[in-house]
Amino acid sequence: MGKDNKKIVKKLKPAKLVKATKKEVVKAVKTERKTKNRKEAVKKELEPIVLQAPRGMKDILPEDQPYWEQTRRVTEKLARDYGFSRIDTPLVEFSNLFNRSIGDGTDVVEKELYSFTTKGGDKVALRPEMTAGVARAYIQHGMNVLGKPVKLFSTGHVYRHDRPQEGRQREFYQINYEAFGEQDPILDAQMIQVATRVVQSLGIKAVQIQVNSIGCPVCRKDYKDLLVSYLESKSNKLCVDCKRRLDVNPLRVLDCKEDKCSQVAASAPQSVDHLCEECRVHFKNLLEYLDELDLPYTINPRLVRGLDYYTKTVFEIWSGSEEGRKSALGGGGRYDGLVKLLGGEATPAIGFALGAERLIIEMKRVQAKSYKGLKPKIFLAQLGEMAKKKSLRLFSELEKNGILVAESFGRGSLKSQLRVANRLGVEMTLILGQKEALDGTVIIKNMISGEQETVSSAKLIDLVKRKLKNDNVVVYHDNHDNH
RNA sequence: GCGGUCAUAGUUCAGUGGUAGAACACCAGUUUGUGGCACUGGCUAUCUGGGUUCGAUUCCCAGUGAUCGCCCCA
């Protein structure tokens, strides 16, 4: 016991000291050290490190990676299949890009934007969604000269400073598909098809597709006026929030979950009944295409989306069938005015985004399969200093030959290494001990039967390859080695 | 941004105004070079800061975080 520790023990209550066991002393010492460290940190005015991710941000742990990998594979494959090229745009854009496109009055911009000023004085923001950045890149790089439609695929984190709950984080991952330069509603139908394909390919079979048309700026304004005058006539029956929305964003009243409001909303004029001729035909054609595709869609006249740039078609993909829990896995719509608004040439466009975290929550819920990578079928155990050195080289030889091997070189005893091998569920273990290292041999132990044989290390690789082949085991191949 | 609930080992949960337990997981051992089973041992926690108290993990307040509802949306 050191001098310091004795002091600490003295500090223990006399009653305790009498029967203080070693365990208690150790504990007291630890506690004391902890407090001391904290006090020292305070003294030095060091901010203690908070061992916690910032609010609304999560680590994606190894155990969850199979779901992410599955999501990546499916979304990338479908992007390729449907002719989307990948684009990656910055996480940070000038703030006014979002103000202009998404809209100043929207919650996403007004309340949830992560904006800040750089050292150089630029007003920038973390992207709250991906469409604005992709549209900016489309204009900046003159992609309007490419063959239409220009289909772009993008994934990455987006940021919204909102209050977190399940399926809603401040940093979350979006999977984004956009198509520029085509106004035919057949593209709307195809985009909805892609969105549905992605979700269902991930194993989430029960989905609802909600579609609506919110018209173009012209007919939307007429409709809005009509709606406002209707709602104003019923304003005494609306909840407090909705009275406020009446001024700010009357369309949102239609979304309100309050009973009295939904009653008012039920008999409110619907946007689909007040579309201009062009928008009406567009929507009608879209529905015909959707019928052709056998997609389970529902026209939801109350589906209004929160971003200002949408025109005509809007849609969302919901998980689950009919009633019960329904969360939006993704959504999107047409934004025919956006490119021009940002300073490009008038370009019709449509896009949608899926939320990866929500997809994964749902995948787990329906027990969808995830992508489990290749597992090693072989374990390499070593024993003794000489064998330890040799095993490092042997591991690399095996790896170069495309044989995936597990090891636990840091462990000393053969017993504990075999324990690990067993836990990993390998089919055979290669044992390289002192004796084998001297003889130039290796023991191959079959982990199922327990049988083992000693072979010369020169023949080991071929032998192992043959064994894996006989067992009908897929041997891991690195593509780069074959070219 | 508003309201409700909650916060104890890595995980799932006990428990208490007076030295905090279990299970699983992890590490090691059960004779010196052999896994699974079993047994033994070990490691590890009261979210943070104040207050009440002789004493707080427990009671009170605040903060933080999670979760649920609202808002909004992916």
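The values are calculated or read from the model by the stated rules, or taken from the named source; none is laboratory data. Computed from a predicted model, the values in this text were never measured in an experiment. Backbone-built Cβ (ideal geometry, glycine too); neighbour counts: all protein chains shown.
Against the test of being of a type outside the set (Asp, Glu), assigned to a loop (DSSP other than H, G, I, E, B), assigned by TED's automatic domain parsing to the domain that holds residue A:177 and at positive phi, the options A:105, A:83, A:120 yield a single qualifying residue, A:83. Return the residues of the range A:90-110 that are out of contact with any helix residue (DSSP H, G or I) (no Cβ under 8 Å at 6 or more places or on another chain) and over 18 Å from residue A:251 (Cα atoms); say none if nothing qualifies. Within the range A:90-110, A:91, A:92, A:94, A:95, A:96 qualify. How do the pairs read when you match residues in the range A:289-307 that are under 21 Å from residue A:265 (Cα atoms) with residues anywhere that are in a loop (DSSP other than H, G, I, E, B) and of a type in the set (Val, Ile, Thr), using Cβ under 8 Å and keeping only pairs 6 or more apart or on different chains? Within 8 Å, the pairs are A:304/A:214; A:305/A:214; A:306/A:106; A:307/A:102; A:307/A:106. If you check residue A:316 against the conditions, is it under 28 Å from residue A:273 (Cα atoms), acidic (Asp, Glu), near RNA strand B (Cβ under 9 Å from one of its atoms) and within 25 Å of the chain's Cα centre (by Cα)? Considered against the rule, which asks whether it is under 28 Å from residue A:273 (Cα atoms), acidic (Asp, Glu), near RNA strand B (Cβ under 9 Å from one of its atoms) and within 25 Å of the chain's Cα centre (by Cα), residue A:316 comes out as yes.
Cβ-Cβ distances below 8 Å connect the following pairs, each with a first residue in the range A:105-122 that is more than 10 Å from RNA strand B (Cβ to nearest atom), a second residue that is among the small types (Gly, Ala, Ser) and not in a loop (DSSP other than H, G, I, E, B), and a separation of six or more residues or different chains: A:113/A:95; A:113/A:125; A:114/A:125; A:115/A:95; A:115/A:125; A:116/A:125. Total residues in the range A:437-458 satisfying the condition of being within 15 Å of residue A:395 (Cβ to Cβ) and either within 7 Å of RNA strand B (Cβ to nearest atom) or not hydrophobic (A, V, I, L, M, F, W, C) (or both): the figure is 1. Within the set A:344, A:351, A:373, A:337, the sole residue that is touching a helix residue (DSSP H, G or I) at 6+ places or on another chain (Cβ under 7 Å), more than 16 Å from RNA strand B (Cβ to nearest atom) and closer than 30 Å to residue A:207 by Cβ turns out to be A:337. Within the range A:116-145, the set of residues being hydroxyl-bearing (Ser, Thr, Tyr) and under 23 Å from residue A:310 (Cα atoms) comprises A:131, A:138. Being closer than 30 Å to residue A:67 by Cβ, within 8 Å of RNA strand B (Cβ to nearest atom) and β-branched (Val, Ile, Thr) is a property that residue A:420 has. Where strands (runs of 3 or more DSSP E) sit wholly within the range A:278-390, those with at least 3 residues that are under 30 Å from residue A:262 (Cα atoms) occupy A:297-299, A:311-319, A:328-334, A:349-355.
Of the strands (runs of 3 or more DSSP E) lying entirely inside the range A:131-218, those containing at least 2 residues that are more than 27 Å from residue A:284 (Cβ to Cβ) are A:150-159, A:171-180. Looking only at the range A:423-436, filter to residues that are more than 6 Å from RNA strand B (Cβ to nearest atom) and not β-branched (Val, Ile, Thr); which one of those is surrounded by the most Cβ atoms within 10 Å (Cβ to Cβ)? Looking at the filtered set, the residue picked out is A:430.
Among the numbered conditions (1) in contact with a strand residue (DSSP E or B) (Cβ under 7 Å, 6 or more places away or on another chain); (2) within 16 Å of RNA strand B (Cβ to nearest atom); (3) not in a loop (DSSP other than H, G, I, E, B), the only one that residue A:56 does not meet is (3).
Here is a yes/no grid of residues against (1) over 15 Å from residue A:303 (Cβ atoms); (2) touching a strand residue (DSSP E or B) at 6+ places or on another chain (Cβ under 6 Å); (3) of a type in the set (Val, Ile, Thr):
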site: A:243; (1), (2), (3): yes, no, no
site: A:253; (1), (2), (3): no, no, yes
site: A:268; (1), (2), (3): no, no, no
site: A:277; (1), (2), (3): yes, no, no
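Of the residues making up the range A:125-176, not one is surrounded by fewer than 21 Cβ atoms within 10 Å (Cβ to Cβ), within 14 Å of RNA strand B (Cβ to nearest atom) and over 19 Å from the mean Cα position of the chain (by Cα). Of the residues A:184, A:188, A:222, the single one that is away from RNA strand B (no atom under 13 Å from the Cβ), outside the structural domain of residue A:78 (by TED's automatic domain parsing) and touching a helix residue (DSSP H, G or I) at 6+ places or on another chain (Cβ under 9 Å) is A:222. Here A:275, A:227, A:286 are screened, and the one residue that is away from RNA strand B (no atom under 11 Å from the Cβ) and touching an Asp or Glu at 6+ places or on another chain (Cβ under 6 Å) is A:286. Looking at A:358, A:305, just one residue is basic (Lys, Arg), near RNA strand B (Cβ under 10 Å from one of its atoms) and closer than 18 Å to residue A:106 by Cβ, and that residue is A:305. Residues that are near RNA strand B (Cβ under 6 Å from one of its atoms) and among the aliphatic types (A, V, I, L, M) within the range A:406-417 comprise just one, A:414. Any residue at all in the range A:216-230 that's closer than 26 Å to residue A:353 by Cβ and within 32 Å of the chain's Cα centre (by Cα)? There is no residue in the range A:216-230 that is closer than 26 Å to residue A:353 by Cβ and within 32 Å of the chain's Cα centre (by Cα).
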